[in-house]
Each structure stands twice: as C-alpha cells, then as structure tokens.
Amino acid sequence: MATGAGESPHPRVRVKPPRPPTSVWRAEDLARADVAAAELPVIRPDQVAPLVAGLDLWDIAPVRTAAGTPATVAGEDLWLALSAPATGDPWGRHDIARLRLIGHGPGGWRDLGHLFPDGASPGSREWAGTAVYDERDATLAVLYTAAGGRDATTPRLRQRIVATSARVVAEGGIIRCTGWRPHREVLAADGSIYASTDADHGELGFITAFRDPFPFRDPADGREWVVFAASRPDGVSTFAGAVGLAEVGAGGEHRLAAPLLYADGVNTELERPHLVMHDGRYHLFFSTQRHTFAPGVAGPTGLYGFFAPALTGPYAPLNGSGLVLANPAAEPLQAYSWLVLPDLRVVSFVDFHSLGGVTPLQLAADGVDALRRHFGGTLAPLQRLRIDGATAAIERG
C-alpha cells in the first residue's frame, strides 16, 4: 500500500546498535541528489480526470504477463488498483480499500468491479499487490497485502502477503474472474528478519511495513522471488525502512530471505518496491515521501532507484543519490506510487494537486470538501525513463 501524501511530525527516534547489511541507502548518498533535475512537470487541473466515476483509485498498475509486459484480454488491457468510494476524507480510503479490476480498450476505461468476492480476503482491507495473467490457461495469479482481520482479535495494522488465483473469462463483452481459489497466507513478518506489524494504531507514513508484494523471475536462472516493503526489526532508529525479499520454491512455498536494501536511519517507508531488468542490470525502484525521512535527512516525495549486477546485489544508488523522479517544488504532493514498466514507462496516481502552496492539513481545517477538491485519486500522466549506466532521468519532450 502506498499511503500517499500527508504532513506529519516525526516521532521520537529510538536508538539501537547498528548492524550494517550488504546494501544500504545512506544519508550521504541522498545529500548528493540533484532535486531540480529530477523534478516532474506540474500536473494541470485539466490532466486530472477520474478513470471510473465515483471512485478513488490509487496504486494503479497494469496486470502483468509472466514477462512483465501489460496483459491484454479480449482487446482490453487489464489494470489493477486500490479503490474506495470518492467521498469523505481522502486519507480514510486506506481503511476501506478494495482491489479493483479495470479495463482499458478502444472505448476508454471501464470498471470491471471488485477483484475478489465480498468477504474472500482474510483481512478487513486489501492493500497493494500484483496480478500476473497467464495467457496459456487464462489464469490470473494475485499476490496482495491483507491488512487487519475479520475479527477483533487481529491487530488492525497486521499485514501479511496472501496468494490466490482465478480463471479469466471474456464473454459477450464482459470480462470476469471465476473459480477463485482459497486465499492463502504465504508470507508474514517473523520479528527477526522483518519487524512485526502487530499494531492497532499508527500514523500514516510511520506504520511498520510488510506489504506491497512484487513477484519477479530472475532471468539469470529462472528462480522465482518476491520483493516487498518491509521494516528492519533492529535498526539504529525508528526510521528503518527496508526492501524485503522472499524466494519461491518449486512447490510454491515462500521462504523469507535477507533484505535487498536497508534505509536505516534514513527513511521509514520504501513503498511498492519492484525490479526491472535493463541492459543486463537489475534495477530496484521504490516510492517514498518527504515526511518519512529521518530528522536531519531531507528528500522529496519521489521515485528512488538502485542498480546491481545480480538480483541479490550489491545495490548502488542511481544518480549517486537514489533519487530518480521527484514531485516539483511548486506541487510537492501532486503524485505518488510510481511503477516502472519493462519498457521504462512510469505509472503513478494523482495525489494532492493544485495546492498552490497550501498544505493538506490547512485544507482539512476548511473541511472535507476542500480536501476533495484537490485530491486526484486517478491515473497521473505517464512518464518515461532514460537509463544510461548508473544514471536515470525522465525523458523530456
């Protein structure tokens, strides 16, 4: 789940002895960032239009094929997004989020409904995940985050990664999923490699993470892996974000592995991590927000990236800093949750736009309607990256 914009004070920092991992994002890396060069164009109001009337959509991504390319069924590209009714406080959408399937074809966008039947998920909310379509047997495999539980005994913010699958049927112009298999928990925080998420209360941007799974087949040897947003259990501070890793065995079992990257003492949330192969290198991308950096560490809300010669690293920051794309200084909260596709197009959603220097907290003082006028909840203009060795930047036309 990508939480999106929010202004929040830093909590008290907890200090513990450090234990350096293989790949680390350091404050001195970020200090080298050329923020102005990474800034995206300002999103204009006329570029903000709902994909589906009456719905907030965020963490938007194409359904993938096994090769990572966007999946097409009956002439329509399939997309997956988190969804909630476009009413009330936009920040409250995370408490009622459901995964939704959307089609895009010659006639534009159309709503294909909730991905899962009511009550199918073991959580009280569905947070971000990834869907992979297999054209050979028309099946859709979904790996997603279940948050909370169906009863009061499950901590509200507990996150675990759940797998399920269904058959995709296209008949009479209708695309639907049928025959869903039972939802099976395949990964959960162990409290040792990854911090436990067992909590009932938390502040947006500072929730311990075990979410946002992204499956990836290593082209070097065909092994299957999953990367996900995580938190280090024994960090030097509470700002101990990590990119987690798990290996998928031949029988489908998932085994936790050491994280790919730590941002210990730098940032508390490395959201929606994903891998892209380019020019024989592994590129690890994630999104984070300006208010989730540790005290004394500054960075914009944006897309950050690293590269390595092998899937397990070691990873070095792109552009020397990790910063790849940033919201413009004039509209620092306009977009979030960037996803880089194999062809280097970049997808994101419109968060709080056209603020003109006002913050969402200031808007909230004027009521929910004021927030609603500036919240997008829709697809942002697509961008494209150019990657050249150790550098990555937006293509400017």
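The values are calculated or read from the model by the stated rules, or taken from the named source; none is laboratory data. Everything quoted here is computed from the prediction, not taken from an experiment. Please note: Cβ atoms are built from the backbone with ideal geometry, for glycine as well, and neighbour counts cover all protein chains shown. Just so you know, the surface numbers come from the protein's heavy atoms only, side chains and all, with ligands and any DNA or RNA stripped out. Shrake-Rupley method; radii C 1.70, N 1.55, O 1.52, S 1.80 Å.
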Give the residue, chosen from G299, G280, G320, G313, that is open to solvent by 10 Å² or more (accessible area, probe 1.4 Å) and over 21 Å from D388 (Cα atoms). G299
For the stretch 97-114, the count of residues that are surrounded by fewer than 21 Cβ atoms within 10 Å (Cβ to Cβ) and of a type in the set (K, R) equals 2
Cβ pairs under 6 Å, 6+ apart or interchain, first in the stretch 332-344 and under 12 Å from G68 (Cα atoms) and touching a residue at least 60 places away in the same chain (Cβ under 8 Å), second in a strand (DSSP E or B) and of a type in the set (K, R), ordered by first then second residue, are L344/R384
The stretch 60-105, residues that are in a loop (DSSP other than H, G, I, E, B) and either in contact with a Cys (Cβ under 9 Å, 6 or more places away or on another chain) or within 30 Å of M277 (Cα to Cα) (or both): V63, A66, A67, G68, T69, A71, A74, G75
Restricting attention to the stretch 235-253, the residues that are over 20 Å from the mean Cα position of the chain (by Cα) and of a type outside the set (D, E) number exactly 9
Whether any residue in the stretch 115-131 is crowded, with 18+ Cβ neighbours inside 10 Å and of a type in the set (D, E) is what I want to check. yes
Single residue of P21, P17, P41, P9 found to be over 28 Å from T145 (Cα atoms), more than 18 Å from the chain's Cα centre (by Cα), modelled with pLDDT under 95 and not hydroxyl-bearing (S, T, Y): P17
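Each row is one residue, and each column tells you yes or no for (1) surrounded by 15 or more Cβ atoms within 10 Å (Cβ to Cβ); (2) closer than 11 Å to L40 by Cα.
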{"site": "E331", "(1), (2)": "yes, yes"}
{"site": "V346", "(1), (2)": "yes, no"}
{"site": "G377", "(1), (2)": "yes, no"}
{"site": "T391", "(1), (2)": "no, no"}
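Let's see how each residue does on (1) closer than 30 Å to A364 by Cβ; (2) in contact (Cβ under 8 Å) with a residue 12 or more places away in the chain; (3) among the acidic types (D, E); (4) out of contact with any Pro (no Cβ under 8 Å at 6 or more places or on another chain):
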| position | (1), (2), (3), (4) |
| --- | --- |
| A37 | no, yes, no, yes |
| D46 | yes, no, yes, yes |
| A61 | yes, yes, no, yes |
| T65 | no, yes, no, yes |
| V73 | no, yes, no, yes |
| G103 | no, yes, no, yes |
| E126 | yes, yes, yes, yes |
Go through T268, T301 for me and flag whichever is within 21 Å of V350 (Cβ to Cβ) and either among the β-branched types (V, I, T) or touching a residue at least 24 places away in the same chain (Cβ under 8 Å) (or both). T301
Do we have any residue at all in the stretch 194-213 that's assigned to a strand (DSSP E or B), open to solvent by less than 10 Å² (accessible area, probe 1.4 Å), out of contact with any Ser or Thr (no Cβ under 9 Å at 6 or more places or on another chain) and not small (G, A, S)? no
Provide a single number: the residues in the stretch 132-148 that are in a loop (DSSP other than H, G, I, E, B) and open to solvent by less than 40 Å² (accessible area, probe 1.4 Å). 2
Among the residues of the stretch 156-180, write down those that are surrounded by 13 or more Cβ atoms within 10 Å (Cβ to Cβ), out of contact with any Gly (no Cβ under 6 Å at 6 or more places or on another chain) and not aliphatic (A, V, I, L, M). R158, Q159, R160, T164, S165, R176, C177, W180
Would you point out which residue out of G235, G222 is open to solvent by less than 20 Å² (accessible area, probe 1.4 Å) and either under 22 Å from A131 (Cβ atoms) or touching a residue at least 12 places away in the same chain (Cβ under 8 Å) (or both)? G235
Sort through V276, V236, V226 and tell me the only one that's over 16 Å from L30 (Cα atoms), of a type in the set (A, V, I, L, M, F, W, C) and outside any strand (DSSP E or B). V236
Out of all the residues in the stretch 77-96, is one or more buried (at least 19 other Cβ atoms within 10 Å of the Cβ), charged (D, E, K, R) and at pLDDT 95 or above? yes
